[in-house]
Amino acid sequence: MNVKIPEMMDRPEVLLRGNFACAGCGLSIAYKTSISALNRPIVVIPACCSSVIQSLHPNVAYNVPTLNIAFAAHASAASGIARAKKMRGEDTTTVVWSGDGGTYDIGLSTWSGAAERNENIIHFCYDNNFYSNTGAQRSGATPRGAVTTTTPRGKREKRKSIARIMAAHDIPYIATASIGYLRDLYTKVKKASMIEGYRFILIDAPCPTGWNSDPAITPELGELSVKTGYFPLFEIEEGKLTFSKRGIRYKDPINRLSIEKYLEKQGRFKSMTSEQTKLLTDDLQYEWDMLSKLE
Amino acid sequence: MCSCLSRKEEAESLGNDSRVEVKEMVQSLEKPQTKLMTGAEAVATAAKLSRPQVIAAYPITPQTKIVETLSGMVARGEMDTEYINVESEHSAMGAVIGASLAGTRTFTATSSHGLLYMGELVWWAGMTRIPVVMPVVNRSLNPWNIWPDHQDAMAFRDAGWIQFYAKNNQEVLDLTICAFKIAEHHKIWMPVMVCLDGFILSHTSAQVEIPSQAIVDAFLPPFEPLAMLDPDNPFAHGSLTDSEGIWEQRMSLIDGFNNARVLIPQILKEYTDKIGRLGDYLIEVTGNIEEAECAIMALGTLGEEAEQTVEFLSEKNIKTVVFRLRVFRPFPRKELISLIKRVPRLLVIDRAVSFGNAGQLAIEIQAELFAHKVDVLFYQKIMGLGGMDVTYADIAVEVENILKEE
Amino acid sequence: MMNEDIELKDPVLPLGRPTLGSAGETGDWRTYRPKFIEENCIKCYKCWLSCPEGTIRVDAHGEYPYIDYIYCKGCGICVHVCPGRKKQKALEMIPE
């Protein structure tokens, strides 16, 4: 099941042009593709870059109903919306659209509660590996070795595996996707929209401003993250993990591009030592091994 | 009513005892009843009669009985309500904000640390005008202590919420029903806190008259959203706002409270006319104001305790009067000043402190006295923190000390 | 007892409405602009798909894309993803 571009073209425009997003913004690409795939979405946005790119009140770039809410309140507010719309008998799709700060860190308990209750919500996490709207501080999603404004010598800890934490909640659908593979993302969103309950989609969304990369290569970085094995593409349904067609060949390290091909295009990895690169490579392999156990 | 039928059917399959229970319940919907109930049960009963469509709450002592009672009512099909068992108070308020903006009547309840943990979203609801009703069962803050004082609710006096303080279980029930109508009035449209003292009210049984469902329905029509998250008419709620925008919204909130000052008595009057109880006053006056040597002012059950003091002291031939503030936000300045002008002395009792200054009620009244150049001998006392028992006799001692000092 | 003559104002709710160009004419941000070369376009619409801003416009499927220069921020993604015809790209970046 792979979607064709003409079908995507028929979808409504959800993000209006002339907004506050930086040139080459990865999350804008992720948002456009994901939200346009949904039927009558209502989007909850906690503090994150998405609360900034919508521009200044009273003008808004989002062309869908949007609730801006506090950092750690996305999934709870979405729970309220989903239940209220059920009570009112309205056909809508309730969405959490959160960055990695809101998902990996400060908002972890709110989504964990909503996932445990299996609320009827699609939770998207656009993952740019750090706190982008406050100017590039480390998050639980920052990979080892990456320089952020709060890890000037490179982060010393490994990146959290949010997909495995989410998987421990035994929710009906989990997927990872990258803006380097937009049709794969769109297809996964469509699939998620057919399922009831708490669904989670993690999207690799490069940030040229914070990663210190060329805005023009934002989609290429999305592809490279998959091809180097940095960002595995998979789905988890009923506890069973399936690596996606687009990314399964990178399960075998032999097929992966060298990680340097990914790192060298980003200023945040410029000062990586060979030891840090080795540790990062080990982290990636460890994650592949752990994910493979869920197959 | 339809929820009753399913309960009735269920009961019929269970046998005679349940059938009697159902009969009682159906009666309760048709005509007013008097029941012995705790303050927590009064809150739950009021909530049930007000037909909230979404409830989200997290248990905390001494609020627990409210959420337990309500979840029982929902589980038994007595309420047509989505009940969300959230994982924290922060999420409870998050969920009701979402549900309210999605077009439903919402309700939650909390206390003490729960209110503090909810704090960020208490402000969110206040500043962005979410018409939720939330009873706060007043309880002291840390270190751990479960007994009543007003420190919790007072910490949120500036958060853009209307605040009521109830004196007994009857008032808890009546004000909670009125709170929905007040919160949802299109010229007010803001959240309402109904404060009740922990244990003294929440866990103490007293006679409460319960209005019939029909009369409450006549008083409180279904929820009518001013703005609703709707794919056919999209808007972004609470998006990034510049200084001018914030200024405009804050000024509007000030206007909203001014509207509330006018509209609250009207709504209380409408309730009183329909139900035959409650009264439309913002400040309850007990005792003979013309003869009083000293007026006593307090909130909640301290106000009711002070009413006993009036009687107690009159036996000693000391004339006092009680001004019990029923509503603290909006602050009923005009009514207060017109009362205080008529007495020679005023004793203000606070059950909370603004540390570094004085009791919040005392501070605010002093400001009004200065602004209106009221000539009264002013006294203040902090009492009952951490649930310290305060009796009518304790209050009498304070009054006697004042009179002796002069 | 109450001021009956007080004017009761309607609440101002924090609602923002969808607006084209909510951040102004963001084409001003550009230092380079994408130039479209029709003869090299194979209508794969990859530029449309990957444009973060939605400034690559396509009126109907089967038609050539065009660029809304009023809002295009000049990031260059469209040029980067364009496969072109026989390795000749249908888009190139030129200085403003």
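Tabulated results
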{"item": "Centroid-to-centroid separation of the stretch B:267-300 and the stretch B:38-67 [C-alpha atoms, Å]", "result": "26"}
{"item": "Amide H contacts of C:R33 (H built 1.01 Å from N, under 5 Å, at least 5 apart or other chain)", "result": "C:I94, C:E96"}
{"item": "Lysine pairs meeting the criterion (Cα under 23 Å, 8 or more apart or interchain), as found in the stretch B:226-379", "result": "4"}
{"item": "Sites B:A371 and A:E196 - FRET efficiency at Förster radius 56 Å, r taken between beta-carbons, to 0.05", "result": "0.45"}
{"item": "Amide H partners (placed H, <5 Å) of A:V60, local residues excluded", "result": "C:R17, C:T19"}
{"item": "Ratio of Rg to Rh over the protein assembly as shown (Cα coordinates, Kirkwood Rh, two decimals)", "result": "1.05"}
{"item": "Sites excluded, trypsin sites (Lys or Arg not before Pro) in DSSP loops with at most 16 other C-beta within 10 Å, longest stretch of chain A", "result": "A:5-152"}
{"item": "Normalised contact order of chain C, rounded percent, pairs of Cα under 8 Å and 6 or more residues apart", "result": "36"}
{"item": "10 Å Cβ neighbours from other chains, averaged over peptide B:83-89", "result": "5"}
{"item": "Chain A pair-distance distribution - Cα-Cα, 10 Å bins, rounded %", "result": "6, 30, 38, 21, 4, 0"}
{"item": "Modelled FRET efficiency - R0 35 Å, B:F257 with A:N118, Cβ distances, 0.05 increments", "result": "0.30"}
{"item": "Proximal aspartates and glutamates to A:K261, defined as alpha-carbon separation beneath 12 angstrom and excluding residues fewer than eight positions away on the same chain", "result": "A:E220, A:E223"}
{"item": "Point-to-point label distance, A:D282-B:E284, nm (Cα→Cβ direction, 7 Å offset)", "result": "7.1"}
{"item": "Loop sites in the stretch B:312-406: chymotrypsin sites (Phe, Trp or Tyr not before Pro), DSSP, at most 10 other Cβ within 10 Å", "result": "B:F355"}
{"item": "Average beta carbon contacts from partner chains per residue of B:99-108, 10 Å cutoff", "result": "6"}
{"item": "Likely footprinting exposure, B:L313, B:L253, B:L346, fewest C-beta neighbours within 10 Å first", "result": "B:L253, B:L313, B:L346"}
{"item": "Coil-residue trypsin sites (Lys or Arg not before Pro) of the stretch B:344-397, DSSP, other Cβ within 10 Å capped at 13", "result": "B:K373"}
{"item": "Considering only the protein assembly as shown, percent of DSSP beta bridges that pair antiparallel, nearest 5", "result": "35"}
{"item": "Table column - 3J(HN,Hα) (Hz), the stretch B:121-129, Karplus curve with 6.51, -1.76, 1.60, x for Gly and Pro", "result": "8, 4, 5, 4, 5, x, 6, 9, 6"}
{"item": "Derived scalar couplings ³J(HN,Hα) [the stretch B:242-250; Karplus, 6.51 cos²θ - 1.76 cosθ + 1.60; whole Hz; x for Gly, Pro]", "result": "7, 4, 4, x, 4, 4, 4, 5, 5"}
{"item": "Label-point separation in nm, C:D68 to B:T34, each point 7 Å along Cα→Cβ", "result": "7.0"}
{"item": "Radius 10 Å from Cβ of B:K167, net charge of other residues (Lys, Arg +1; Asp, Glu -1)", "result": "-4"}
{"item": "Unpartnered cysteines - no second Cys beta carbon under 4.7 Å - across chain C", "result": "C:C41, C:C44, C:C51, C:C72, C:C75, C:C82"}
{"item": "Distance from the stretch A:113-145 to the stretch B:156-232 (C-alpha centre basis), Å", "result": "37"}
{"item": "Under 5 Å, built H, 5+ apart or other chain: amide partners of A:I42", "result": "A:T93, A:T94, A:V95"}
{"item": "Mean ellipticity per residue at 222 nm, deg cm²/dmol - from DSSP H runs of n ≥ 4 across the protein assembly as shown, formula -39500 (n - 2.57)", "result": "-11500 deg cm²/dmol"}
{"item": "Peptide A:212-222, shielding by other chains (average Cβ, 10 Å cutoff)", "result": "4"}
{"item": "Neighbourhood net charge (13 Å Cβ-Cβ; Lys/Arg +1, Asp/Glu -1) for A:I53", "result": "+2"}
{"item": "The stretch A:110-202: GluC sites (Glu not before Pro) falling in loop per DSSP and having at most 11 other Cβ within 10 Å", "result": "A:E196"}
{"item": "Per-residue ³J(HN,Hα) for the stretch C:81-96, Karplus 6.51 cos²θ - 1.76 cosθ + 1.60, θ = phi - 60°, Hz, x for Gly and Pro", "result": "8, 5, x, x, 10, 6, 6, 9, 5, 8, 9, 9, 8, 10, x, 5"}
{"item": "Net charge over other residues, Cβ less than 13 angstrom from the Cβ of A:S76 (K, R count +1; D, E count -1)", "result": "-3"}
{"item": "Above-threshold pairs, the threshold being 18 Å between Cα atoms, out of A:K86/B:K48; A:K4/C:K46; A:K32/A:K85; A:K227/A:K265", "result": "A:K86/B:K48; A:K32/A:K85"}
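No lab work stands behind these numbers, since they all come straight from the coordinates. Note that the structure is predicted; figures quoted are calculated from it, not measured. Note: ideal-geometry Cβ built from the backbone for every residue, glycine included; neighbour counts use all protein chains shown.
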